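Asks: I have a structure I would like to understand better, so I am pasting it below and will then ask my questions one at a time.
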Amino acid sequence: MAVASKLHKLTELAKEKSSDRRRDLLREVTDLFFDAPPAVESEAQSQFDDILRTLANETAHDARAELADRFADTPFAPKGLIRQLAADAIEVAAPILSRSTVLSEEDLVTIVHETGQAHIQAIAKRETVSERLSHAIVEKGDDDTVATLIRNDGAQLSRSTYEQVARRAEDSEILQEPLVERADAPADLLNDLMVVVSRTLRDKISQRFDKLEPGVLEAALAASQARLEKRMAEDKAINEARRYIASKQVRKELDGSLLVSLLRERKPVHCALGFAELTGVDYFTAKRALEHKSPDGLALICKASGIEKALFVTLAVLRSQAADNAFNDAREIGAIYEALEPEQAERALRFWKLRKQAAAAA
């Protein structure tokens, strides 16, 4: 029997109401499609598309999942069917979203904006993800979804998208490791994370910096500082605080006790500026260290700068992000300081100071 004749017969049978018969029909139509694939955008393909969508729409979940898996790697699959399956439950949609080349970039961006995290995460696993699609995923995806995207070597990310991810990674451990591990992550953005990541990740960033040519490293650090300075300029409290800290420096009153007083007085900007001047790091690094939920970065800067453990513990306890029972944890906080090797702390501090120097020379 000719394909057209078989298709006509199956079109009539598609009106069957029995779910079991519909499942069998779906397999028959699918087999017929693959036995004699119609030309793309032909009338025959359109007929197949209509029948398959009708049958799939009224067939059990597991049958649709089987259908999706079969069509996911077919470049000549009917587009209407593929779009329908892509919008189905994630168990059905996943192979289509992660593998089908029939879906256009526009289709995928639309799906990202109209579906949930499971569907977006499936798209993030595609063999290739364009810059535009990656941007949409970062905008709409949660941290787990974005981490999936960052781990995908086939995903292309624009500079602006990388900056979005890096800003989120400042407060998300889920994003930190995949971003640091990604080979093409911009060095200046990794430098922004030095104060908030774990010791292991900090070492990996430092090792990457060690492999950079001096000029490349200097440019990356200068770019990092310029970006942070721009963010700092948006803080209206900065200018007044700068004048205050400068006056304290002139009077030789900028010391640890002043920092403690500023924290007690709830003047975090003044304290961060003073801490930056005392330690030689830039303001934003100091601010992050004082604001971050973990005291690790603060310990690193204090250890490398020769600030004594007692002052570090006091600053850590008085931070705005310190736990309510931080005073009870003073011993544990002090242990973080003691566990740091001076060489490790000084190594990290070197990059922060280089960044500040690069900005001053610009």
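The values are calculated or read from the model by the stated rules, or taken from the named source; none is laboratory data. These numbers come from a predicted model, not from an experiment. Quick reminder, even Gly has a Cβ in these numbers, built from the backbone with ideal geometry, and neighbours come from all protein chains shown. Heavy atoms of the whole protein, side chains included, go into the accessibility calculation; ligands, DNA and RNA do not. Shrake-Rupley method; radii C 1.70, N 1.55, O 1.52, S 1.80 Å.
Asks: Modelled label-to-label distance, Gln207 and Asp184, 7 Å Cα→beta-carbon offset: nm?
Replies: Placing both labels 7 Å beyond Cα along the Cβ direction yields 2.2 nm.
Asks: At 0.36 nm per residue, minus the direct Cα-Cα distance, what do Glu106 and Ala219 gain on full extension? Give it in nm, one decimal, please.
Replies: Computed gain between Glu106 and Ala219 is 37.1 nm.
Asks: Decide, for segment 32-92, between rounded, prolate and oblate: order the square roots of the alpha carbon gyration tensor eigenvalues as a ≥ b ≥ c, take rounded if a/c falls under 1.5, and otherwise choose prolate if a/b is larger than b/c, else oblate.
Replies: Because a/c hits 1.5 or more and a/b exceeds b/c, segment 32-92 counts as prolate.
Asks: Hey, another quick one. Contour minus end-to-end for Asp35 and Ser160, with contour as 0.36 nm per residue of separation and end-to-end as the Cα-Cα distance?
Replies: 40.3 nm
Asks: How high is the FRET efficiency from Ile90 to Ser42, r the C-beta distance, R0 30 Å, rounded to 0.05?
Replies: The calculated FRET efficiency here is 0.45.
Asks: Related question: With label points built 7 Å along Cα→Cβ from the Cα atoms of Lys309 and Glu343, find their separation and express it in nm.
Replies: The modelled label-to-label distance comes out at 2.1 nm.
Asks: Using a 1.4 Å probe over the heavy atoms of the protein chains, calculate the carbon and sulfur portion of the accessible area of segment 125-182 as a whole percent.
Replies: Here it works out to 38 percent.
Asks: Mind giving me the FRET efficiency for Thr74 and Gln117? R0 is 25 Å, r the Cβ-Cβ distance, nearest 0.05 is fine.
Replies: So the FRET efficiency works out to roughly 0.40.
Asks: At what distance in angstrom do the alpha carbon centres of segment 158-214 and segment 96-111 lie from each other?
Replies: Cα centroid of segment 158-214 versus Cα centroid of segment 96-111: 29 Å apart.
Asks: Here's another thing I want to ask about it. Using a 10 Å cut-off on Cβ atoms, rank the peptides 190-202, 106-118 from the highest mean neighbour count down.
Replies: Peptide ranking by packing, descending: 190-202, 106-118.
Asks: Between Glu265 and Asp20, how many nm apart are label points set 7 Å from Cα along the C-beta direction?
Replies: That separation, rounded to one decimal, is 8.4 nm.
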